Each structure stands twice: as structure tokens, then as C-alpha cells.
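*Asks:* This structure is in C-alpha cells; I'll ask about it shortly.
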Amino acid sequence: MTIHFDPTSPKRFREIVAVCFGLIFDDSKLGFLGDVLRRRAESRGTPVEVYLAQFEAGAAAEEVGPLAEELTVGETYFFRNGDQFRAFSEVVLPERMQARASTRKLSFLSAGCSSGEEPFTLAMVAREAVPSPPWQVSIRAVDLNPAALKKAAGGHFTSWALRETPPEKQQQWFTPHGRDMILSNEIRAAVRFDLRNLADEDSDIWRPEAYDAIFCRNVVMYFTPAVQQAVIGRIARSLAPGGYLFLGHAETLRGLSLEFHLVHTHGTFYYQRKREGDEVPARHYVDIGALAPRAAPAAAPSMVDIGWYEAIGRASRRIEVLAQPAQPAAPATPLPQWNLGVALDLLQRERFAEALDLIHKMPAEAGQDPDVLLLRAMLLVQGGKLAAAAGVCRVLLSQDELNAGANYVLALCFEGAGDRQAAMHHYGVASYLDPQFAMPQLHLGLLSRRSGNLGAARGELERALELLKREDASRLLLFGGGFARNALITLCEAELRACLVKT
């Protein structure tokens, strides 16, 4: 039968998909959703409007599996993002074995496991790192796509799925069979697969403090914001204190949870559930107060030839003339609480001391407001007060360890104190937490170029250039060191040319 439907049906279908699966599709995917809707209605010999009404009435449970096959992305492979599996082997397993020494039992979950490559990789890594006996290792894997789970159970994989699998592991765990590779029974038996919808509150999967590590990679990004929040909440509850969470490289917990520490090892980011009484990890911090800022150059070279902290220092020295005598900037009427407009205006006019004075006169409770703290920290950096600025950043990070702005300002402090390694670490953290944040990306490019790593510098500066063109104007005002968008773009382009000349 020929299926006809109202042009608004794909949007109605999108709402149903969001409710049933927690999946979000933007307007660019409405054509795809319309095609899926047509196919499914046609396969049932049902008019589209009836098909939609059945779903809305809860009378189409048998359609969940077929729709999951159509709507979910299933492409994956063994040892995907190998840096995360190295961190799992060399950090997670030793730590969790120490924590579970009394029971000698470890439990892991692959949430959104697709056709099984991820949990089977976990099984291989665990087999090599965990002595069995006496240890017991449980690996559970769940997905809502029944076709993917059926493929996982079969244990047959193409050579393309093994493209990142080391040759010695291919020989150890796989047997050639025609054009396929068959996974060993030992590894297949190590994983338990279940058909589950992560958007559901499932007491069997989300048992309190049940898992030592959870891999939920490239899954959360497809959920609606409400479902993202709910899923991360369930993950936090089901991880043992000190347990680990691995997300996809394009995913972060920023804005979703305060239950985790961010961890950065093996060239990758992942998360550790906080234990009671945990504080912000201090292993990447140095005593900024013990380090003096570098002296500004006597000459007046271009921005391309000086470090960022020196450029900020020059801006702060320029305002010494403007501030004598200091002119009152605040209006005659009292400022409303949390109104930062006047202070930001003073920042833009490089009247940092007056802006700081306004911040200090705010009510005491303003000292816990993230926006107030960020502005205060940036003003302190502009004035060369690095130790004080770093202290403000640590207050911010004690509230929200995943604050990209606080990590960026802390990186500025380290750069000003001459600690390039710590600066690059925190610029990298800020860039990871907010991939659309232009300034840390720009600094990574500048520092890479100055350290002679021109290949990395080119990639970072090219990314920064694109981000600067669409960066929010208010964020450039706060974090741009007194330089307007066009000046920052010019700087970025000049640095890119310098990289090309030297190669």
C-alpha cells in the first residue's frame, strides 16, 4: 500500500522517539525520520496516523525492537580509542583490585554495547591483567538494538572490526573462518548480554554501587538533555565510590553531574566517581605563590613575538595612567546584586582596579557565585596577581571541578608563572570540557608553536581560528586579555603563517 502522511508527522514521530528511547534528532534529521516512519508504517500495513496513534497509546510494544535497529548507530570495532583501554588496564584495574581485595570480585558494564566489540575488548584486557582464579570478573553489556546483540552472540566479526586489534591479540583470541574471524569461546563466555533501554529506570541494571567501571561511549550525546541527566545520575549511583566512567571523546559531564573527578592519563580524559570527603585532586597543581612572573620585554614586539601573559601585563600597565586620578564608574544608585555589567564595562576599558573594587563591595554571598568568581579571577590575572587568581580558581573548582573557565584562568596563571607543562594541561582540560571555547585552543596552539611542535600547533591554531569566528562576544570580553575578536583572529592567522614558514 502507498503511505501518505501529513508533513508534520515526522515532528510528531520525533517526539515519540524522544519519549520511548530518549533519543534526540535535530531538524536536519526530519527527512531521515520521515523515511523510517514510512517504512515502519508500510511494513505493518498501517496508515501513518494510525501507527503514530498506536505508539502514543502505548499499543505498539512490538515496534520497539525494529525501530531501535533503524534509529541507533552500530558501527564500532575492537580496541576503539585504545588510549582508554590502556588507562583501563594500567590505572583502573590496579586501583579497583586494591579496593576489592577483600572480595576479589570486579564488575564492569558496557552501556550501549552495540555488536559487542567494546565489552569483548574489556574481557580481553581483564583476562591479561587480572589473575583468575582467585579473582572473579563480571562483564555485563546492554543495548536496545536486538540485531546488534544477535551479532554479538554469534561471535563472528570481519577483519575490518579488528583493524585496531594488535596482531598478537588477533592470534590469541580469534580463529579465521573464511572471510570472518571467530572470537574464542573463553572471551564470549566472559560477557553477559541483555536487551535494555538505557532511558528506562531499570533496577536490575542500575544496582547501587554495583560496578567498578562503566563504559558508555558515544551514547549519551544522542539523548535528550533530560535523559542525559537521568542516565548520568543512574551511572553515578551504580558505580562504586572510586569507580570509573569512560565516555566518548566528544562527550563530557560538564553541566550534567558534580559526582565525578575528571582524570587525564594516557592521553585521554575519563571520570572517577567521588568518594566521601574527596577534594579536588591536587596532583597537577604547583605552588604558584613560590614562582615569580616573567619580566615583560623592554622592547615593544608584536603580539606574535610575546607570550600571552606579557601581553596581558602590558595591558594592565597601560591602565595605570588611565586610573590616575581614578574616576568613579559606578552610577549613583546602588548596584543590584549579581549585576556584573558595570564591572565588565570597566574590564573592557582596562580599569581593572576599579572593577575589582566593585566585586569586593558585593554582598558576601556573591563570593560563591561562579560568574563573580570567574570575573574576579580574570581581573586578578590582568593585574598580575597570579597567586590570588589561582586561589579564586581553586574555590571555583571545589564547587565545580568541570568548570572550563576556571581551568582556563588557572592555565593563564601557570603560563604567567613560567610552568608551560601545567599551563598546557589546564588549557587542554578547558578545551575538552568545552570544545567550543576558543581561547584555550588558541593558547594550546601558541604554546605548541613556541615549543617547536609545529604540526600540533597548526592543528590547534586552525581549530582556534574557526572557533574565534563564532565565539560568544561576552566570553571574548571576559577571557580575551583585552583583545577584540579581529585582533585575536589576526594573531591566530599570523601564528599559522609562522608555522608554515618554518616547515
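Quick note: the coordinates plus some simple rules give every number you see, no bench work behind them. Because the structure is a prediction, the values reported are computed rather than measured. For neighbour counting, all protein chains shown are included, and Cβ atoms are generated from backbone atoms with ideal geometry for every residue, glycine included.
*Asks:* Can you tell me which of 110-117, 171-178 comes out highest on packing, and rank the rest after it, using the mean Cβ neighbours within 10 Å?
*Replies:* 110-117, 171-178
*Asks:* If Lys and Arg each add +1 and Asp and Glu each add -1, what is the summed charge of the other residues whose beta carbon sits under 9 Å from the beta carbon of D143?
*Replies:* Residues near D143 contribute 0 overall.
*Asks:* By the scheme Lys and Arg +1, Asp and Glu -1, what is the net charge of all other residues having a beta-carbon under 15 Å from that of P133? Mind showing how you got there, number by number?
*Replies:* Details: positive: R100, R104, K105, R127; negative: E186.
Summing Lys/Arg as +1 and Asp/Glu as -1 gives +3.
*Asks:* Turning to a different aspect of this structure: Just going by the charge dipole of region 74-135, with Lys and Arg at +1 and Asp and Glu at -1 on Cβ, which of S107, W135, V91 is farthest out on the positive end?
*Replies:* W135
*Asks:* Another question, if that's okay. Using alpha-carbon pairs under 8 Å, 6+ residues apart, how would you state the relative contact order of region 346-443 in percent?
*Replies:* Numbers: 108 pairs, mean separation 18.2, N = 98.
Relative contact order here is 19 percent.
*Asks:* Now a separate question. Rounded if a/c is under 1.5, else prolate if a/b beats b/c, else oblate: with a ≥ b ≥ c from the C-alpha gyration tensor eigenvalues square-rooted, which is region 1-63?
*Replies:* oblate
*Asks:* Which order do the peptides 184-190, 440-446, 130-136 take when ranked by the mean count of other beta-carbon atoms within 10 Å per residue, highest first?
*Replies:* Working: 184-190: 15.1, 440-446: 26.4, 130-136: 11.9.
Going from most to least packed, we get 440-446, 184-190, 130-136.
*Asks:* While we're looking at this one, here's another question. What number comes out for the charge environment of R12, summing +1 per Lys or Arg and -1 per Asp or Glu over other residues with Cβ under 11 Å away?
*Replies:* Residues close to R12 contribute a combined charge of -2.
*Asks:* In terms of Cα to Cα distance under 21 Å, which lysines are near enough to K29, apart from those fewer than 8 places away along the same chain?
*Replies:* Reachable lysines: K11.
*Asks:* Determine the calculated [θ] at 222 nm for the chain from helices alone, applying -39500 (n - 2.57) to every DSSP H run no shorter than 4 residues and normalising by the residue count; nearest 500 deg cm²/dmol.
*Replies:* Roughly -15000 deg cm²/dmol at 222 nm, from the helical runs in the chain.
*Asks:* Which lysines does K274 reach when only Cα atoms under 29 Å apart count, and residues fewer than 8 places away in its own chain are ignored?
*Replies:* Filter leaves K105.
*Asks:* Hey, another quick one. Using the Cα centre as the reference, give the magnitude of the dipole from point charges on the C-beta atoms of region 9-71 (Lys, Arg: +1; Asp, Glu: -1; all else neutral), rounded to the nearest 20 debye.
*Replies:* For this selection, approximately 100 debye.
*Asks:* Rounded, prolate or oblate, given the Cα gyration tensor of region 403-503, with a/c below 1.5 counting as rounded?
*Replies:* oblate
*Asks:* Okay, moving on. Once you sort the root eigenvalues of the Cα gyration tensor of region 189-228 as a ≥ b ≥ c, which label holds: rounded (a/c under 1.5), prolate (a/b larger than b/c) or oblate (the other case)?
*Replies:* Prolate.
*Asks:* Considering the dipole of the chain built from charges on the beta carbon (Lys and Arg +1, Asp and Glu -1) around the Cα centre, which of V17, T490, M221 is farthest to its positive end?
*Replies:* Value: T490.
*Asks:* Compute the convex hull volume of the Cα atoms of the chain, divide it by the residue count, and report the result per residue in Å³ as a whole number.
*Replies:* 207 Å³
*Asks:* While we're looking at this one, here's another question. Report the residues of region 424-444 in range of a label on S451: point 7 Å along Cα→C-beta, backbone N strictly under 17 Å from it.
*Replies:* Output list for this probe position: 424-432, 440-444.
*Asks:* Tell me, what is the FRET efficiency for E15 and D83 to the nearest 0.05, using R0 = 51 angstrom and their Cβ-Cβ distance as r? Before the final figure, lay out each step's value.
*Replies:* Details: r = 38 Å, r/R0 = 0.75.
Approximately 0.85, to the nearest 0.05.
*Asks:* Want the number for D194 to E62: 0.36 nm per residue separation, take away the alpha-carbon distance, what's left?
*Replies:* That works out to 45.8 nm of additional length.
*Asks:* What is the packing order of peptides 12-24, 464-476, 412-424, taking the mean over residues of other C-beta atoms within 10 Å and listing the highest first?
*Replies:* Top to bottom by mean Cβ count within 10 Å: 412-424, 12-24, 464-476.
*Asks:* A follow-up question, please. Hey, which aspartates and glutamates would be in cross-link range of K150, C-alpha to C-alpha under 20 Å, not counting anything within fewer than 8 residues on its own chain?
*Replies:* Within the straight-line cut-off, K150 pairs with E62, E63, E69, E70, E75, E117, E118, D180, E186, D194.
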